[in-house]
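A short worksheet on the structure shown next.
The values are calculated or read from the model by the stated rules, or taken from the named source; none is laboratory data. Predicted, not measured: the structure shown is a model, and the values here were computed from it. FYI the Cβ positions are ideal-geometry reconstructions off the backbone, even for glycines, and counts take in every protein chain you see. Side chains are part of the model used for accessible areas, which takes the heavy atoms of the whole protein and leaves out ligands, DNA and RNA. Shrake-Rupley method; radii C 1.70, N 1.55, O 1.52, S 1.80 Å.
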2 protein chains.
Amino acid sequence: VIRDRILSVLTPDHSLQGRHILVTAGPTVEPLDPVRFLSNHSSGRQGYAIAASLAQRGADVTLVSGPVTIPVPPGVRRIAVQTAREMLTACEAALPADAAICAAAVSDWRAKQPAAGKIKKTADGPPSLELVENPDILATLCRSTRRPSLVVGFAAETDDVLDNALAKRARKGCDWLVANDVRQGVFGATRNTVSLIDESGVQGWPEMDKMHVADRLAERIATFFAGSSS
Amino acid sequence: VIRDRILSVLTPDHSLQGRHILVTAGPTVEPLDPVRFLSNHSSGRQGYAIAASLAQRGADVTLVSGPVTIPVPPGVRRIAVQTAREMLTACEAALPADAAICAAAVSDWRAKQPAAGKIKKTADGPPSLELVENPDILATLCRSTRRPSLVVGFAAETDDVLDNALAKRARKGCDWLVANDVRQGVFGATRNTVSLIDESGVQGWPEMDKMHVADRLAERIATFFAGSSS
């Protein structure tokens, strides 16, 4: 691995030169009031590693990111957002793109009506929290008139991982789907075990560093574009 | 300020030597399922600065902290927790203490029944999220048979800051209450404007660094104990 990385630094890779790639990463944060929010445990590590890997191959990378604590990879343009709706707006503004890699863990729901002031604890008991569905960023990009040639989705699952992922790929209309089982503390970890689903079926990848998952995916994306332009 | 800090480093302060002080800091995180959670925007900065300041004065500091991204101050024993119930358990296990400084932003509510697996998005629309009240850590410490001699609460408010804070002090039974207005982006910021409420009334402090707020509070705590032991 170290040898590979030294070689990759010494031998600049231009396989994605001239390609604009949109990457989403991190969680979204959905306010309930000015103090409280609904979110999820995405650390952004896998998405940031992918953005870094694509940029190393010469791609022009727009990284639309929820709040995370990791630095922006060199050569990547980051657009910071909080909510799913902000993320969708930023993604649509970033089009056209040759590819979109949707690694963010977008909140499926948000509070129907966030309170303008801090919700007070009262004797009446907890407030009832009415949720509404957030826009589906992956599906929206897939159905866009400016759909990128390649759209890659991610599915973090805890149960029936492959079945859920296969169904998600079909439902969303994305080209590839990267599925992972998040039961075993993947959030914030440096390693990941994923399966890649495309039109030909399921490919299970061995457990590896998130950076390595990113390299392998970036390589596959470069191959896709090498094929499509030849 | 710089001169003060240099002097404080050069002249070791032992005014809280032999005192065990419990500090809580950061948000709590309340799971909805293995992926999603309810939390708040507390960065932990003010609580960590207080823990650091007390330790610099020789106190034996137990810092019970929700998930934050700031390092543990030198000489401070940190106990990391996620939920309000874990925080309460850790606080009770840390007793006896001479003082408790409750700077954490404890979630008032949690999901009644967190799901064991990731909640799926269905055609039926968003799940209904039933909340229940969390234990009140500040009030519980105040009513404990092992109540610390000095209990300090915090109130982050967006409306009627002083009225809410005065009512909170009376309701919880704490000795001092530090109130701040969190409308203007205090979360994660380095500066803070607080009021200190005690039995004699309200004292407004000017805007200053959170580290300075911490120093001033630690000094007041040292004065309290100097008075009580003489």
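In the set (1) within 23 Å of residue B:218 (Cβ to Cβ); (2) away from chain A (no Cβ under 13 Å); (3) open to solvent by 20 Å² or more (accessible area, probe 1.4 Å), residue B:86 fails one condition alone, (1). Test residue B:97 against the criterion of being assigned to a loop (DSSP other than H, G, I, E, B) and within 14 Å of another protein chain (Cβ to nearest Cβ), and give yes or no. In short, no. Residues being within 23 Å of residue B:133 (Cα to Cα), within 14 Å of chain A (Cβ to nearest Cβ), in a loop (DSSP other than H, G, I, E, B) and aliphatic (A, V, I, L, M) are represented in the range B:34-56 by at least one member. Looking at this structure, is residue A:79 under 29 Å from residue A:191 (Cβ atoms), open to solvent by 10 Å² or more (accessible area, probe 1.4 Å) and more than 14 Å from chain B (Cβ to nearest Cβ)? So residue A:79 fits the description; yes. The residue of the range A:128-165 that is farthest from residue A:196 (Cα to Cα), among those that are within 14 Å of chain B (Cβ to nearest Cβ) and assigned to a helix (DSSP H, G or I), is A:137.
Just checking, does the range B:156-164 include any residue being of a type in the set (S, T, N, Q), under 23 Å from residue B:92 (Cα atoms) and open to solvent by 20 Å² or more (accessible area, probe 1.4 Å)?
We begin by selecting, within the range B:156-164, every residue of a type in the set (S, T, N, Q); these are B:158, B:164.
From what is left, the residues that are under 23 Å from residue B:92 (Cα atoms) are none.
No: the range B:156-164 contains no residue that is of a type in the set (S, T, N, Q), under 23 Å from residue B:92 (Cα atoms) and open to solvent by 20 Å² or more (accessible area, probe 1.4 Å).
Surrounded by 14 or more Cβ atoms within 10 Å (Cβ to Cβ), among the acidic types (Asp, Glu) and within 14 Å of another protein chain (Cβ to nearest Cβ): is that true of residue B:108 in this structure? Considered against the rule, which asks whether it is surrounded by 14 or more Cβ atoms within 10 Å (Cβ to Cβ), among the acidic types (Asp, Glu) and within 14 Å of another protein chain (Cβ to nearest Cβ), residue B:108 comes out as yes. Note on the range B:174-186: residues that are away from chain A (no Cβ under 14 Å) and over 22 Å from residue B:219 (Cα atoms) amount to 0. For the residues B:99, B:111, the requirement of being closer than 30 Å to residue B:209 by Cα and of a type in the set (Gly, Ala, Ser) singles out B:99.
Considered as a group, the residues in the range A:62-76 that are open to solvent by less than 10 Å² (accessible area, probe 1.4 Å) and hydroxyl-bearing (Ser, Thr, Tyr) include one that is farthest from the other protein chains (Cβ to nearest Cβ), and that residue is A:62. The residue that is surrounded by the most Cβ atoms within 10 Å (Cβ to Cβ), counting only those in the range A:18-33 that are assigned to a strand (DSSP E or B) and within 14 Å of chain B (Cβ to nearest Cβ), is A:27.
When the range B:111-126 is limited to residues that are open to solvent by less than 40 Å² (accessible area, probe 1.4 Å) and in contact with a strand residue (DSSP E or B) (Cβ under 8 Å, 6 or more places away or on another chain), the one that is nearest to the other protein chains (Cβ to nearest Cβ) turns out to be B:125. The listed residues are B:49, B:103, B:59, and the only one of them that is touching a Phe, Trp or Tyr at 6+ places or on another chain (Cβ under 6 Å) and either at pLDDT 95 or above or surrounded by 16 or more Cβ atoms within 10 Å (Cβ to Cβ) (or both) turns out to be B:103.
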